[in-house]
C-alpha cells in the first residue's frame, strides 16, 4: 500500500535528483538570474515528480528532465518577454540572411580565438548569451553546455534536426557577434588595426587584442 | 562532389560538433588535408568553440544548490503528502496505524474532511513520552550554541555519538539544549523553531535518549515502510518517537498537529539516514 509511493520517491531521488546541478546550471544560463533559475528548476522537479509514472525507466533521464525544463522555460518564464523576443528573433533571422551574414563570416574568418583571450570575459559571454533569442539560446545551452547531440536536442525541443542546426549555428554566430561588439566597446578589439607591436599569436592581419588596455578597462 | 573552400563555412559547425555524416566528414577531411588556409580556419574555429564552451560552463554555486536541493525535497514531501491525502479520501490508507483504533481512524478522516485537529488519545502513555511532554514546558534556560557545538555537548553528556536532527523547512533553527532525564535515563533536550506548512513558527523539542528497551507502550504505532513511529497526543501536545538503527531514540514534541509533526520527523536527515540503512 505504502510501497508504490515510497518506491517512486526513492527512484526519483536516485535517478532524477542527481541531475539537479546540471539543471540548475543550465537554468542559470537561460535566465541569467539565480532566483529565477531556482524557481524554474523547482517547478521542473515538481512537474517531473508528478509525471514520474510517464518516464520510461530505461530512457535518458537527463534528456527527459531537460525537455521539461525547456517547456517550462518557454511557457512560463518567457511569456513576459515574448513580445520582445519575437522581434529580436525576427531581426536575428534577417541579419543572418542579409548582408550581415557576410560581415559575420568575415569576423569568423579573421581571428575568432582573439575574441576570448582572457577568462574575465566569462561574464561577457553570459551576458551575450542572455541577449540572444530564447530558442537560439536553448540550442546553444543544450549543445555547448550540456553536450546533447543534435538528435537529442531535436527531441528535447520537439523540432526537426535541421531546425536544431540552424538555431544552434545562428545562436553561436550571434554570440560571437556580441562578443566582438563588447570587445570593441571596451577598446580591447580595434576594428581596424595598424601595427603597434601588440602581439597576437596567430598574427597576420587579424583583429588585435590589446590585453593591457583590456585589463585597465576592468 | 569534392568539398571546396566555399563549402567549408557551411559544413564547419556541424563538422566540429562531430555530427556530419561519414561521407561529408571524409570529404571535409580530404579538403582540409590539402588546403592550408582551411586547415587554419578549422583549427582556429575549433579553438574558439572550445574556449567559448569553457566560458559558458555555469559557475559553481554550492550554497544555492544546497538550498535548492532542500527546497525540492520539501516540495516532494508536499507532493507525497497531497497524494496521501487524496488516497485517504478515496479510502486507501497510506500510513497504517499499527494497531489502528477506531478513534484514530475517525480522527484521520476528520482531518481530511474538515480542519478539525485529530486527537488520538491513547489510554496510558509511556512514562518517557509523558515526561517529554511535561519537559516541554519546563522553564530552565536552554544553553545556546551552533548545531556543531550542541552536537559536541550532547555527545559528551550522553557518552554516545549523537546527531542533532535537521529539519527540512527553510527557517528552521536550533535554539539550544538542556541536559535532562527521561524515565531514569540521561537525555538531551534540543529546542528548535520550525515553521509549519503555513509558515508560522512552532517550538519543537527533541529528546535524545538511549532507547534500547525503552517502554513505548501506550503510544500508537504508525508504520512508514519498514520504519515505525510511535505517535501520541497529550493535552494538546503532539509527540512522535522513533528509534534509529542503533537503538537511539528521538522524541519529538510540538504543539503543531500530529500529522504535521509526523511529516516533519519523516523529513529530518536522521530519519532518512536510518531508513536508508534499514532498507538496504
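The values are calculated or read from the model by the stated rules, or taken from the named source; none is laboratory data. All figures in this text were calculated on a predicted structure; none of them were measured in a lab. Here Cβ is always computed from backbone atoms with ideal geometry, including for glycine, and neighbour counts include all displayed protein chains.
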(message) I'm checking my understanding of the structure. Among residues of segment B:32-64 that are more than 19 Å from residue A:25 (Cβ to Cβ) and within 7 Å of another protein chain (Cβ to nearest Cβ), which one is surrounded by the fewest Cβ atoms within 10 Å (Cβ to Cβ)?
(response) B:47
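Consider residue A:116 carefully, then state whether it is within 14 Å of chain B (Cβ to nearest Cβ), modelled with pLDDT under 70, surrounded by 18 or more Cβ atoms within 10 Å (Cβ to Cβ) and within 19 Å of the chain's Cα centre (by Cα).
yes
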(request) Just one of (1) free of Cβ contacts under 8 Å to residues at least 40 places away in the same chain; (2) surrounded by 17 or more Cβ atoms within 10 Å (Cβ to Cβ) trips up residue B:190, so point out which. (result) (1)
(request) Output yes when any residue across segment B:237-244 is more than 15 Å from the chain's Cα centre (by Cα), over 25 Å from residue A:9 (Cα atoms), modelled with pLDDT of 85 or more and buried (at least 22 other Cβ atoms within 10 Å of the Cβ), and no when none is. (result) yes
(request) Mind listing just one residue for me: the one in segment A:142-179 that is surrounded by fewer than 23 Cβ atoms within 10 Å (Cβ to Cβ), more than 11 Å from every other protein chain (Cβ to nearest Cβ) and within 18 Å of residue A:127 (Cα to Cα) and, of those, modelled with the lowest pLDDT? (result) A:178
(message) Go through (1) assigned to a loop (DSSP other than H, G, I, E, B); (2) within 14 Å of chain A (Cβ to nearest Cβ); (3) surrounded by 14 or more Cβ atoms within 10 Å (Cβ to Cβ); (4) modelled with pLDDT under 60 for residue B:91 and report which single condition fails.
(response) (3)
(message) Looking only at helices (runs of 4 or more DSSP H) that lie completely in segment A:1-64, which have at least 1 residues being in contact (Cβ under 8 Å) with a residue 12 or more places away in the chain, under 16 Å from the mean Cα position of the chain (by Cα) and facing another protein chain (nearest Cβ under 9 Å)?
(response) A:20-31, A:34-50
(request) Could you tell me whether any residue of segment A:1-18 is crowded, with 17+ Cβ neighbours inside 10 Å and within 23 Å of residue A:140 (Cβ to Cβ)? (result) no
(request) Could you list, in sequence order, all residues of segment B:26-70 that are outside any helix (DSSP H, G or I) and touching a residue at least 24 places away in the same chain (Cβ under 8 Å)? (result) B:35
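Answer with yes or no whether residue B:140 is over 19 Å from residue B:231 (Cα atoms) and at pLDDT 50 or above. Write out each step before concluding.
Numbers: over 19 Å from residue B:231 (Cα atoms): yes; at pLDDT 50 or above: yes.
Against the criterion (over 19 Å from residue B:231 (Cα atoms) and at pLDDT 50 or above), residue B:140 qualifies.
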(message) Let me spell it out: the conditions are (1) more than 9 Å from every other protein chain (Cβ to nearest Cβ); (2) modelled with pLDDT under 90; (3) under 49 Å from the mean Cα position of the chain (by Cα), and residue B:78 meets all of them except one. Which number is the exception?
(response) (1)
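Quick check, is residue B:180 farther than 22 Å from residue B:128 by Cβ and assigned to a strand (DSSP E or B)?
Values: farther than 22 Å from residue B:128 by Cβ: no; assigned to a strand (DSSP E or B): yes.
Criteria not met by residue B:180.
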(request) Could you run through segment A:126-141 and say how many residues are assigned to a helix (DSSP H, G or I) and away from chain B (no Cβ under 12 Å)? (result) 5
